[in-house]
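Here is the structure we will look at, set down as structure tokens.
The values are calculated or read from the model by the stated rules, or taken from the named source; none is laboratory data. Predicted model only: the values in this text are computed from it and were never measured. Neighbour counts are summed over all protein chains in view; Cβ atoms, including those assigned to glycine, are modelled from backbone coordinates with ideal geometry. With ligands, DNA and RNA removed, areas are computed over all heavy atoms of the protein, side chains included. Shrake-Rupley method; radii C 1.70, N 1.55, O 1.52, S 1.80 Å.
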Amino acid sequence: MNDAAHRTANDASAPTAKRMDEEDRAPMGMTVRVVIYLVAVHFFAAFLFLLFFLAGG
């Protein structure tokens with residue numbers, strides 16, 4: 001077996017710790033969007049709460 005075939009077989013069967021860590025994490029762009037959406041939804045919910053609180057009172 002030549003080196004290239006042997007190296008490919010080893011890489012596929014035993015992934016490194018770094019590769020496993022990268023597969024478990026979401027892409028950075030998606031993480032940023034989720035945080036922005038969560039903050040925006042909470043601000044919108046707070047605005048609605050304030051609107052109904054002031055209108056009812």
Requiring at least 3 residues that are modelled with pLDDT of 95 or more and out of contact with any helix residue (DSSP H, G or I) (no Cβ under 6 Å at 6 or more places or on another chain), the helices (runs of 4 or more DSSP H) wholly within the chain are 28-56
Taking first residues from the range 32-49 that are in contact (Cβ under 8 Å) with a residue 12 or more places away in the chain and second residues anywhere that are open to solvent by 100 Å² or more (accessible area, probe 1.4 Å) and assigned to a helix (DSSP H, G or I), the pairs with Cβ under 8 Å that are 6 or more apart or on different chains are none
